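Everything below concerns the one structure shown next.
Laboratory data are not the source of any read-out in this text; all were calculated from the coordinates shown. Fair warning: this is a prediction, and the values are worked out from it, not measured in the lab. Ideal geometry is used to build each Cβ from the backbone, glycine not excepted, and the neighbour counts take in all protein chains shown.
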Amino acid sequence: MAISDEQLAQQLQRGDRAALTALVERHYDPLLGYLYRMTRGERSLAQDLAQETFLRVLRGIASYGFPRPFKPWLYAIATNLARNHYGSADRRRTDNLGEDDEYGAEDAPDTAVLEAAEAEAVIRALDVLAEGQREVIVLYFYQGLPLQAIAEALDIPLGTVKSRLSIGVGRLRKLMTESA
């Protein structure tokens, strides 16, 4: 039987660094995907924030309270880091959506080009949404968190999560239809 995230967090609280390794192995890729979307496609920034998230987990593990679900706690840390990054006064945003393409157009398979173009269009559309709507949509659709876990991760009421999801999906659908 696999050990739960919550059990691993308890082991980490007791000083077992192997538990951190297991948590990173389980959550790094999905967390990176979340942060990639939250940083508007800035891969290197998303990687930096993902690493910082796990550093904060390590430093703040004493504040984790079992049996609280670990995943919403982790995503709350990541969300706050992303918010703080964009909230800092000295931050100047530059568009670099093309910087992180895995393939050049000449050597990419047709499906990869289409998928990359579609992903870029979704990232641009997500960027237009209000921050709260974008967070809820990415946590729900891309990270698969249930609505209650999103409410816990963002420290907002469940009704607010539902409202932001509904309004955000409607706006996203409209934006994607207009750009097609």
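Going from the fewest other Cβ atoms within 10 Å to the most, the residues Tyr140, Tyr34, Tyr28 appear in the order Tyr28, Tyr140, Tyr34. Label sites at Arg26 and Met176, each approximated as a point 7 angstrom past Cα along Cα to Cβ, lie 3.0 nm apart.
Applying 0.36 nm per residue to the separation of Val128 and Ile3 and subtracting their alpha-carbon distance, the gain on full extension is 41.0 nm. Normalised by the number of residues in region 1-90, the average gap of Cα pairs under 8 Å and 6 or more apart makes the relative contact order 33 percent.
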